[in-house]
Amino acid sequence: MSQVPEQKNSKKRISRIRRADPFFEREALKYESPLPSREYIQSILEKAGCPLRGEDLASELDIRAEEWEHFERRLGAMERAGQLMRNRRGAYILPDKADLIGGRVEGHPDGFGFLVPDDGSEDLFLGPRAMREVLHGDRALVRTVGVDQRGRREAKIIEVLERGNTRVVGRVTIEAGVAMVLPENRRISQGILLAPGGKLKPKAGQVVTVELLQQPTQHSQPIGQIVETLGNYADDGMEIEIALRKHDLPFEFSDKVKAEARKLPDVVLKKDWTPGREDIRQLPLVTIDGETAKDFDDAVFCEKQGKGYRLLVAIADVSHYVTPGSALDAEGLTRGNSVYFPRRVIPMLPEKLSNGLCSLNPQVERLCMVCDMSINVSGEIKAYRFYPGVMFSHARLTYNKVAAMLYGNEEGVRDEALRAEHAALLPHLEALDVLFRILLKARAKRGAIEFETVETRMVFGADGKIERIVPEHRNDAHRLIEECMLAANVCASEFLRKNKQPSLYRVHEAPSVEKLGKLREFLAEFGLGLGGGDSPRAADFAKVVEKIKDRPDTQLIQTVMLRTMQQAMYSPENVGHFGLAYEAYTHFTSPIRRYPDLLVHRAIKAVLTKTRYEPSVGPVELLKDTRRRKGGKKPDEAFARAAREASAKHAASAIKNGIWEDIGVHCSQTERRADEASRDVETWLKCFYMQDRVGEQYTGIVTSVTSFGIFVTLDELFVEGLVHISDLGADYFHYDEARHALVGERSGQQFRLSDRVSVELVRVDLESRKIDFRLLAGVARVTERAGKTERERVQKPKRESPRENKRPAASFGEDEPVSWRDLAGVPAVGAPRETVKAALLGGTGARSKRVPTRDEEAAAPSRPAGKARVVAAKEKSDTGAARGTISVAKKKGSPRG
């Protein structure tokens, strides 16, 4: 942090300078110790007529030493809002005075790019020439130079403010004796020349990490040297090694972190039984998780209590061992969350804690934080209390075992052997099931939204590659645990809100007015309406979902409704959770794998001990350092801006919540980063799985429609690929955004969401992680519009998709659905604006009149229109073979989020 000069000014002079601020009274109403207003800070810069450092501004405005941190935050907020910019020397300038626009560069595989302005205004197109001197992720100052032939506002680079890449992972190529690394991140379109004489010699085809010795300029490519050799492209597990580095995921614990973990005991010690910690070892608490789970955050117990029920949710007391300011705490903040890949987990905390001391393993004592609730027969939580405890897990149960004991198989026959084995636990499990049914009714009455989706898991063979992809069946045991976690999380948010203890809430705002308008237009075509006027509630959405559940076009309508939703995030300002229909909601139940939950535990303990908790300076400063660490990348500033704007809507406590806001934004980013990395790995594995199937024919369903084609998900294989617009037929296709359709101008033929088609696999590109199909047969569509049944068939596919896999998803369970972030072609909240149109892909074939957005262009294949070229990866590997067949389901798809 920069140091403000010691002030020697008198109180009278400070008062005079502050009162010269035209907006002093406004600031005084907001804050007990008002800072200079944003307008006043800008006027000081304008009068100076030259760039000023933060320290210079502080001196001009008589900022006292105790105000410096808050003042620095205000300057940072102004910079994010585009009201100030910093030059390369770190001094502040006025954007308008400089006639420059600052922002983050987003590259495209075809060599052009965009500047995403810091102030949230529309994106600016950067042509290939401008992109020569920058890389994806850089921050730059640009000046607009006009509008190009396609109507895009175009800019040129004036100055590079900050480099976003110091290390890049990629694949070595050697041509004519010149070694180069082609980055794995396709948005970095420039190859990196390898400087001669490095310690690690390049070998063609190897995957390496290079450190940039020289950044690109208008006249030269970037130059780097190899600092790490990862192996061959198709080595077992290589897709994960690439994803870790590509997405800048911390995956190794420092020596300091390891040393702290080693000092912790292996078991609960008597000295840990601090005053106020209750002994609940006699209660038959059990954990209920997936078959392959290793870290057990939560345990449950239920018993009849008068006319209602007593529910205990015991959560691992991670905060007892991970203390503020420790290396473990700093590492937890840096990572933000655990990352779950197929066959591998990158934990937030060392395994000694995540799988050992903090995990609620069976038949051992563990420290826990307890939410002890009394719930009536209407599903209302009439009373609750939080307390630290010592527990003893009486059994490690799985969803399948609980379902077998309580619900039986498809014929309803319960597993009597299991029931006998766990006879002592059965009364509590059955009470838990009765309570679950009560909570479900309360959920429906509350109006929480529950969409139906199909989730899948990959089954791996001994060679570490996919054997098959199967639907993941979610039974009532999953939902039972989900409802328990929801109840505990709601109590935690209410407890913190009631006691006015700052913390992080899990917020989910209502859909935007623009998206609501498009949704209503779409629903009207099907004779449906969305209640609630300009501010519909979750219950209004739930009514539509209920109304369409037996219609043949349910999947189509639900998909469009899902895509209307915003993305949930962490924020110190409680704006409620729209999808779950809660006025307040937080994350309390997974502190082993989510840092926000750990903070919530500390906040609850502070209330219990009648103190106040605020994150220590150490981790917060580390957060800043982490964003600038060697080899690191700038976080997703568009997402950060959206998260901060959400908090800014409730700006009365902006200074007070500054630290919390920073951590909320950071944890929202790390969550998104983990999702993107997991999706990257899964996509690569699916491409590898499909590469030997080129030429085979399948049926599938259209899961996304874009201006450049349709994405089809195959029946039974659950793999998605693109049918490019050039392969849809000899017509001129319009993209109808409101109807989610491509419409042929001459033929009138339509391709819409949920249409069923027959396709041939024609291309698999492992490097770009893309699969291309060719359309074999036309559309099979069954819809109901305006109350009338309409059957539209061009050609009937060979087989229908199995419907038995459709089930209520954990869509608005303890956490939000994976599908919110995974749906193709739909940018999440905070994704760059779609006002700037990118150039058309393709050449002389069929095309759409709508120009693709920047995000769509990134998803599209970089190939000319016309017949697809078959590209199947030739490299295969049987090295690093695992033993036996491994079946893996992602942790993030569990009811616990």
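The numbers here are math on the coordinates, done by the rules we state, and not lab data. On a predicted model such as this, the values are computed, not experimentally measured, just so you know. Positions of Cβ are backbone-derived with ideal geometry, glycine not excepted, and every protein chain shown enters the neighbour counts.
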**Request:** With +1 on each Lys and Arg Cβ and -1 on each Asp and Glu Cβ, and nothing else charged, work out how big the dipole of segment 554-620 is about its Cα centre, in Debye to the nearest 20.
**Result:** 240 debye
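Suppose R0 equals 41 Å; then what is the FRET efficiency for F251 and A420 from their Cβ-Cβ distance, rounded to the nearest 0.05?
0.40
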**Pair S33, A383: separation of 7 Å Cα→Cβ label points (nm)** = 4.3 nm
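Determine the dipole magnitude for segment 167-232: charges of +1 sit on the beta-carbon of Lys and Arg, -1 on that of Asp and Glu, nothing else is charged, the reference point is the Cα centre, and the result goes in debye to the nearest 20.
Details: 7 positive and 4 negative charges, 16 e Å.
Result for segment 167-232 is approximately 80 debye, rounded to the nearest 20.
For the peptides 326-336, 231-241, what is the packing order when you average, over each peptide's residues, the other Cβ atoms within 10 Å and list the highest mean first? Please list the in-between numbers first.
Values: 326-336: 23.1, 231-241: 18.8.
My ranking of the peptides, most packed first, is 326-336, 231-241.
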**Asked** Which entries in the list K515/K770; K246/K605; K518/K547; K307/K605; K294/K441; K270/K605 go over 26 Å, if you measure between the two C-alpha atoms of each?
**Response** K515/K770; K246/K605; K307/K605; K294/K441
**Fill in**
For E467 and L182, extending 7 Å from Cα along the Cα-Cβ vector and measuring point to point gives, in nm, a value of 3.4 nm
**Asked** Which peptide among 301-313, 721-733 comes first, and what is the full order, when sorted by highest mean count of other Cβ atoms within 10 Å?
**Response** 721-733, 301-313
**Request:** Please work out the Cα center distance from segment 25-95 to segment 500-576, rounded to the nearest Å.
**Result:** 39 Å
**Rounded to whole Hz, the Karplus (6.51, -1.76, 1.60) HN-Hα couplings of segment 678-692, x for glycine and proline** = 4, 5, 4, 5, 5, 5, 4, 4, 5, 4, 4, 4, 8, 5, 8
**Prompt:** Residue by residue through segment 376-389, which ³J(HN,Hα) values in whole Hz follow from phi under the Karplus form 6.51 cos²θ - 1.76 cosθ + 1.60 (θ = phi - 60°), with glycine and proline marked x?
**Reply:** 8, 6, 9, x, 8, 7, 7, 7, 7, 8, 10, 7, x, x
**Fill in**
Charge dipole of segment 11-92 built from unit charges on the beta carbon (Lys, Arg +1; Asp, Glu -1), centred at mean Cα; most positive-end Cα among H70, L35, N87 is N87
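Suppose R0 equals 56 Å. What FRET efficiency, 1/(1 + (r/R0)^6) with r the Cβ-Cβ distance, do Q221 and E66 give to the nearest 0.05? Numbers along the way, then the final one.
Numbers: r = 49 Å, r/R0 = 0.88.
FRET efficiency, Q221 to E66: 0.70.
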**Among the listed pairs K271/K401; K256/K610; K30/K498; K258/K500; K382/K610, those beyond 28 Å (Cα-Cα)** = K271/K401; K256/K610; K258/K500
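According to the square roots a ≥ b ≥ c of the eigenvalues of the Cα gyration tensor, what is the shape class of segment 489-590, taking rounded for a/c under 1.5, prolate for a/b larger than b/c otherwise, and oblate for the remainder?
It is prolate, given that a/c is not under 1.5 and a/b is the larger ratio.
Packing-wise, with mean Cβ within 10 Å as the measure, how do 208-219, 701-712 rank, highest first?
On the way: 208-219: 16.8, 701-712: 24.7.
So the peptides 208-219, 701-712, ranked by packing, come out 701-712, 208-219.
Give, rounded to the nearest 20 debye, the magnitude of the charge dipole that segment 377-491 has about its Cα centre when Lys and Arg contribute +1 at Cβ and Asp and Glu contribute -1 at Cβ.
Numbers: 16 positive and 17 negative charges, 106 e Å.
Charge dipole of segment 377-491: 500 debye, to the nearest 20.
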